[in-house]
Amino acid sequence: MSDRPSRPVSASAIEKHVYKVFPNDMNAHNTVFGGMIMAKCDRLALVVAERHSAHVCVTAAVDSIHFRAPAKGNDTLLFSLALNRSWGSSMEIGARVEAENSYTGDTRHILSAFFTFVALDENDRPVDVPEVRPETAEQRRRYDNAQIRREGRLSTRDQLARSGGKP
Ligand SMILES: CC(C)(COP(=O)(O)OP(=O)(O)OC[C@H]1O[C@@H](n2cnc3c(N)ncnc32)[C@H](O)[C@@H]1OP(=O)(O)O)[C@@H](O)C(=O)NCCC(=O)NCCS
């Protein structure tokens with residue numbers, strides 16, 4: 001850890017934010033439209049990033065979005081998001097979505113994803129953010145794994161830049 005101030009994961013996390021599915025959330029296949037779930041994750045991840053950094057933040061990248069099971073018409077979606085790690089100006093936020101059948105209490109894991117947000121200063125330049133303080137074994141595991149993912153993201157970006165491509 002550096003001299004930068006740190007904040008605990010719990011200070012910015014969102015735990016089981018409830019969203020009741022209605023008919024206008026469905027796709028032609030009569031399951032919940034995945035784009036709606038992704039947009040909602042992005043919006044809630046922004047809240048986590050802005051709580052942690054106390055700055056305006058933008059989405060820089062999203063990776064490893066996995067839809068693990070479909071959500072259905074009568075489901076209630078539960079969104080949980082937490083800051084896994086911060087570096088300079090960037091932060092990785094993990095998102096997990098579950099679908100709850102409110103009549104039986106059964107839950108299913110619907111989606112996992114990782115969002116990278118960058119904090120901006122008043123001139124829209126990236127600005128350093130506080131470090132993240134993991135407090136549980138699970139938060140420590142996510143903190144360690146976030147570093148592995150960051151190295152993959154930056155390595156891909158560098159390789160593409162060298163070949164003249166864009167990420
Ligand atoms: C994200 C953005 C601010 C980065 O600006 P930049 O000039 O590339 O800044 P830098 O190269 O100095 O990188 C700043 C940080 O962003 C990270 N970053 C930039 N591009 C990234 C990417 N594609 N994936 C992951 N991290 C990225 C860098 O690793 C760096 O992190 P660090 O400070 O923790 O080391 C800029 O690319 C941007 O404004 N993108 C558009 C954002 C947007 O419109 N989002 C959708 C609406 S919210």
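The values are calculated or read from the model by the stated rules, or taken from the named source; none is laboratory data. Keep in mind the model is a prediction, meaning the values are calculated, not measured. FYI the Cβ positions are ideal-geometry reconstructions off the backbone, even for glycines, and counts take in every protein chain you see.
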Looking at region 19-34, is at least one residue in contact with a Ser or Thr (Cβ under 9 Å, 6 or more places away or on another chain) and not aliphatic (A, V, I, L, M)? yes
Is region 23-40 home to any residue that is surrounded by 16 or more Cβ atoms within 10 Å (Cβ to Cβ) and closer than 28 Å to V127 by Cβ? yes
Of all the residues that make up region 1-45, how many are aliphatic (A, V, I, L, M), within 16 Å of the ligand (Cβ to nearest atom), assigned to a helix (DSSP H, G or I) and over 13 Å from F79 (Cα atoms)? 0
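Considering only residues that are out of contact with any Cys (no Cβ under 6 Å at 6 or more places or on another chain) and within 30 Å of P70 (Cβ to Cβ), which ones fall in region 114-137? Don't jump to the end; show me each part of the working.
Going through region 114-137, the residues out of contact with any Cys (no Cβ under 6 Å at 6 or more places or on another chain) turn out to be 114-116, 118, 120-137.
Across region 114-137, the qualifying residues are F114, F115, T116.
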R157 is checked against (1) under 19 Å from the mean Cα position of the chain (by Cα); (2) within 11 Å of the ligand (Cβ to nearest atom); (3) surrounded by 13 or more Cβ atoms within 10 Å (Cβ to Cβ); (4) not aliphatic (A, V, I, L, M) and fails just one. What number does that condition carry? (1)
Restricting attention to region 84-111, report how many residues are within 13 Å of the ligand (Cβ to nearest atom) and either in contact with a His (Cβ under 8 Å, 6 or more places away or on another chain) or charged (D, E, K, R) (or both). 4
Read through the list (1) away from the ligand (no atom under 13 Å from the Cβ); (2) among the aromatic types (F, W, Y); (3) farther than 17 Å from A11 by Cα, then give the number of the only condition that F114 fails. (1)
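Residues in region 25-49 that are in contact with a helix residue (DSSP H, G or I) (Cβ under 8 Å, 6 or more places away or on another chain) and free of Cβ contacts under 8 Å to residues at least 40 places away in the same chain: how many?
Quick first cut of region 25-49, residues in contact with a helix residue (DSSP H, G or I) (Cβ under 8 Å, 6 or more places away or on another chain) only: 25, 27, 32-33, 36.
Those left that are additionally free of Cβ contacts under 8 Å to residues at least 40 places away in the same chain: 25, 27, 33, 36.
Final tally of qualifying residues: 4.
Say we look at region 62-80 and pick out the residues that are closer than 28 Å to R4 by Cα and surrounded by 15 or more Cβ atoms within 10 Å (Cβ to Cβ); which of these is modelled with the highest pLDDT? It would help to see each step written out before you state the result.
Looking only at region 62-80, we keep the residues that are closer than 28 Å to R4 by Cα, and these are 62-63, 80.
Still in the list and also surrounded by 15 or more Cβ atoms within 10 Å (Cβ to Cβ): 62, 80.
Details: V62: 94, S80: 98.
Looking at the filtered set, the residue picked out is S80.
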